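Q: Mind looking over this structure? Questions follow.
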Amino acid sequence: MDMSKIQSRITPFLWFNDNAEQAVEFYLSVFPNSRRTGELRNPGEAPGPKGGIMTIAFELDGLKFIALNGGPHFKFNEAVSFLIGCETQEEIDYYWEKLTAGGQEIQCGWLKDKFGLAWQVAPTNFADLVRHPAAMKAMMQMKKFDIAALKRAAGREA
């Protein structure tokens with residue numbers, strides 16, 4: 001993988017134990033307009049099997065990432081998450097269903113997928129909705145966001 005071909009100066013680099021390829025294929029199946037863009041295989045001098053995947057470059061809906069088969073030394077936690085802005089309840093439902101499969105629902109639109117990566121699935125107008133105290137209170141009771149309920153709580157048509 002040629003690092004000079006990465007367009008952004010900042011690219012999320014995700015450390016997986018030994019299942020980076022499985023994770024990338026899963027994410028590519030969830031997000032539209034996504035693709036695998038490169039890979040680096042072990043020439044035999046690095047830890048892991050010779051010829052095995054070391055890193056995979058990929059894009060999720062245009063955002064560039066790199067996944068590493070780095071071993072069991074580090075795990076994901078909720079200190080870092082990826083926010084998915086959704087225009088409709090159908091989008092929220094879609095991403096919530098796909099990403100919680102084998103994972104875990106958390107609270108307030110947060111979840112962990114089956115690889116342990118944290119995501120937030122939220123309406124694009126989230127900040128505007130929860131400015132209203134009743135909507136903030138309603139949001140605090142939710143796991144997956146319900147746009148209509150947040151609108152009702154904020155005193156807007158649902």
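Q: Please go through region 29-43 and give me each residue that is over 30 Å from Gly85 (Cα atoms) and either touching a helix residue (DSSP H, G or I) at 6+ places or on another chain (Cβ under 9 Å) or not in a strand (DSSP E or B) (or both), ordered by number.
A: Correct list: Asn42, Pro43.
Q: Follow-up question, since we're still on this one. Among the residues of region 24-52 satisfying the criterion of being modelled with pLDDT of 95 or more and of a type in the set (A, V, I, L, M), which is farthest from the chain's Cα centre (by Cα)?
A: This residue is Leu40.
Q: Give Thr88, Thr37 a once-over and let me know the one that is β-branched (Val, Ile, Thr) and out of contact with any strand residue (DSSP E or B) (no Cβ under 6 Å at 6 or more places or on another chain).
A: Being β-branched (Val, Ile, Thr) and out of contact with any strand residue (DSSP E or B) (no Cβ under 6 Å at 6 or more places or on another chain) holds for just one of Thr88, Thr37, which is Thr88.
Q: Here's a follow-up. All but one of (1) in a strand (DSSP E or B); (2) free of Cβ contacts under 8 Å to residues at least 60 places away in the same chain hold for Leu14; which doesn't?
A: Just one mismatch for Leu14, condition (2).
Q: If you take the residues of region 53-72 that are on the phi < 0 side of the Ramachandran plot and in a loop (DSSP other than H, G, I, E, B), which of them is surrounded by the fewest Cβ atoms within 10 Å (Cβ to Cβ)?
A: Only one residue tops the list, namely Pro72.
Q: Determine which single condition Leu99 fails, assuming it passes every other condition in (1) closer than 26 Å to Leu60 by Cα; (2) out of contact with any strand residue (DSSP E or B) (no Cβ under 6 Å at 6 or more places or on another chain).
A: Of the numbered conditions (1) closer than 26 Å to Leu60 by Cα; (2) out of contact with any strand residue (DSSP E or B) (no Cβ under 6 Å at 6 or more places or on another chain), the odd one out for Leu99 is (2).
Q: Right, next: For the list (1) out of contact with any Gly (no Cβ under 9 Å at 6 or more places or on another chain); (2) at pLDDT below 95; (3) surrounded by 18 or more Cβ atoms within 10 Å (Cβ to Cβ), I need the number of the one condition that Asp128 fails.
A: The failed condition is (3).
Q: State whether one or more residues within region 44-52 are of a type outside the set (Gly, Ala, Ser), in a strand (DSSP E or B) and either closer than 24 Å to Pro123 by Cα or in contact (Cβ under 8 Å) with a residue 12 or more places away in the chain (or both).
A: No - not one qualifying residue is present in region 44-52.
Q: Does Glu97 count as over 30 Å from Met136 (Cα atoms) and of a type in the set (Asp, Glu)?
A: It is false that Glu97 is over 30 Å from Met136 (Cα atoms) and of a type in the set (Asp, Glu).
The values are calculated or read from the model by the stated rules, or taken from the named source; none is laboratory data. Bear in mind that the values here come from a model prediction, so they are computed numbers and not experimental data. A quick note on method: Cβ atoms are made from the backbone with ideal geometry, for glycine too, and the neighbour counts reach across all protein chains shown.
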